[in-house]
Structure formats: C-alpha cells, structure tokens
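The values are calculated or read from the model by the stated rules, or taken from the named source; none is laboratory data. Everything numeric in this text was worked out from a predicted model, so none of it was measured. Cβ: placed from backbone, ideal geometry, glycine included. Neighbour counts: every protein chain shown.
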C-alpha cells in the first residue's frame, strides 16, 4: 500500500508531501497517522532545521475524509504536534484548501500559497462546525473575517487569506516566495529557532489546553447527528442537502 505522506530531505529541510490525490488529500485515519509519525521523526532528527508541508494534485487538503474520518482526538493531537514541533513548519500550497485542511495551515508557523489557491470553511454546509480547527485558527486569524467565512462557507482567494492572517505570503511562484524564508531558517541556530517558536506559539497552546476537550466533544457530537448524516450523504451524492432554500 502506498503511503499517503511522502518524505524528502534537502539541505536540512524535510519536505512532507500529502500524497493521496484520489481523495484530494482528505484527512483519513491513515493520512493523519502517517503525518503524525513523519513529523515525530523530523522533530527528533538533529539534521532537520525546518519542515515543509505540501501536497500533490490540485488540492492541498479537502478536510475530513467523510468515508474514513480520523478520530477527533487524533486530529487534535496532530494539530498540537505541528504547533509544538521544535522546528518551524512551513506550509506550501498550490491548490485548494477546505475545512480541516485550514486547521493544518493555521497550525503551521509560516504559510505560503500561489495566487490561484482557494480556501473555504465548508463545515456549515454539511451541518457541522469548524470546531477542532478553531484551536489554532482563532488565536491567529482576523475574528471578523472568520465570522463571515465560518458562517457562510464562502470560497475566498489567496490575497484575502493573506489579509486575514491565514497566509504569511502569496505569489504567482510559491517557491520563489518561500526561497528567502527557507534560506533564513537554514541560517538560524536550532536552539534559537526552538525558543523563538515557543514564544510565538504560547497563546495557541493556551487555547489547546483550555478548549481542546470541549471542542473535540462538540465535533464528535455534530458529526454523529442526523443533520451531519444528511449533509455528508448529500455531498457524496453531489446534491443539495434538504435544508437548502
């Protein structure tokens, strides 16, 4: 069986590639487990100065795999792992990001996307809420913008994602955008990187400590509801759910 997460190394930068294009890199049990393992290995390797999280195909991550969703606790642990990793995690996006995929972006330290990328919090459209992903999103993203995009499920582009704090930078060539970032990380001393990251993530980790249990329970309750079953069935059948007016 092919791994849903690829791994390569170049000059101290470990690149982890979400590689399940048939499911648009949806967050399945296997993908979450493999990504967690790859991050653990990278964090324990003294030769790694930074991790780049990227993807194959036209979608960075489509959110939860509705046919094989991960355990909410495992997804919370993955998000916390990214936030707490001793080395910076940099997201490289050249496609679409939906729902839980936005949680991955928010957990990363630096995020860059090509100008053609698109983003949407689609949870409300299937009868659930962006509960667990709020742990890294709420401390790092403009609250008024989240009010709009959480509640409407609207699609928005890379420039807007940068304006509201979801992206660090965007450009036509995402690799050109990231080149000075990765050069800077390679020039940085590991202790300095780890302690600086600790300063920057303190508020995010406070949110995990305070709210993770309640938001995990909320996510589990919503996904088991009749409304969510109708929403997910409608999505898989490519039709409008019953509540659309």
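Would you confirm whether or not the range 194-201 contains a residue that is crowded, with 18+ Cβ neighbours inside 10 Å and within 29 Å of residue 57 (Cα to Cα)? No: zero hits. If we scan the range 161-183, do we find a residue that is closer than 29 Å to residue 220 by Cα, at pLDDT 95 or above, touching a helix residue (DSSP H, G or I) at 6+ places or on another chain (Cβ under 7 Å) and assigned to a helix (DSSP H, G or I)? Scanning the range 161-183, I find no residue that is closer than 29 Å to residue 220 by Cα, at pLDDT 95 or above, touching a helix residue (DSSP H, G or I) at 6+ places or on another chain (Cβ under 7 Å) and assigned to a helix (DSSP H, G or I), so the answer is no. Quick one: which residue in 32, 83 is within 22 Å of residue 214 (Cα to Cα), out of contact with any strand residue (DSSP E or B) (no Cβ under 9 Å at 6 or more places or on another chain), surrounded by 20 or more Cβ atoms within 10 Å (Cβ to Cβ) and touching a residue at least 24 places away in the same chain (Cβ under 8 Å)? Of the residues listed, the single one that is within 22 Å of residue 214 (Cα to Cα), out of contact with any strand residue (DSSP E or B) (no Cβ under 9 Å at 6 or more places or on another chain), surrounded by 20 or more Cβ atoms within 10 Å (Cβ to Cβ) and touching a residue at least 24 places away in the same chain (Cβ under 8 Å) is 32. The residues in the range 233-245 that are within 27 Å of the chain's Cα centre (by Cα), over 15 Å from residue 123 (Cβ atoms) and either part of a loop (DSSP other than H, G, I, E, B) or at pLDDT below 95 (or both) can be counted, and the count is 5. Among the numbered conditions (1) under 19 Å from residue 222 (Cβ atoms); (2) not in a helix (DSSP H, G or I), the only one that residue 76 does not meet is (2). Hey, does the range 159-178 have a residue that's in contact (Cβ under 8 Å) with a residue 24 or more places away in the chain, exposed (fewer than 15 other Cβ atoms within 10 Å of the Cβ) and either in contact with a strand residue (DSSP E or B) (Cβ under 7 Å, 6 or more places away or on another chain) or within 23 Å of residue 77 (Cα to Cα) (or both)? Yes - at least one qualifying residue is present in the range 159-178. Does residue 230 count as modelled with pLDDT of 95 or more, part of a helix (DSSP H, G or I), out of contact with any helix residue (DSSP H, G or I) (no Cβ under 7 Å at 6 or more places or on another chain) and surrounded by 14 or more Cβ atoms within 10 Å (Cβ to Cβ)? Yes.
Residue-by-condition table, conditions (1) crowded, with 23+ Cβ neighbours inside 10 Å; (2) touching a helix residue (DSSP H, G or I) at 6+ places or on another chain (Cβ under 7 Å):
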{"position": "24", "(1), (2)": "no, no"}
{"position": "41", "(1), (2)": "no, no"}
{"position": "59", "(1), (2)": "yes, no"}
{"position": "68", "(1), (2)": "no, yes"}
{"position": "89", "(1), (2)": "yes, yes"}
{"position": "103", "(1), (2)": "yes, yes"}
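For the range 35-55, the candidate set comprises residues that are outside any helix (DSSP H, G or I) and in contact with a strand residue (DSSP E or B) (Cβ under 6 Å, 6 or more places away or on another chain); within that set, the residue that is farthest from residue 10 (Cα to Cα) is 55.
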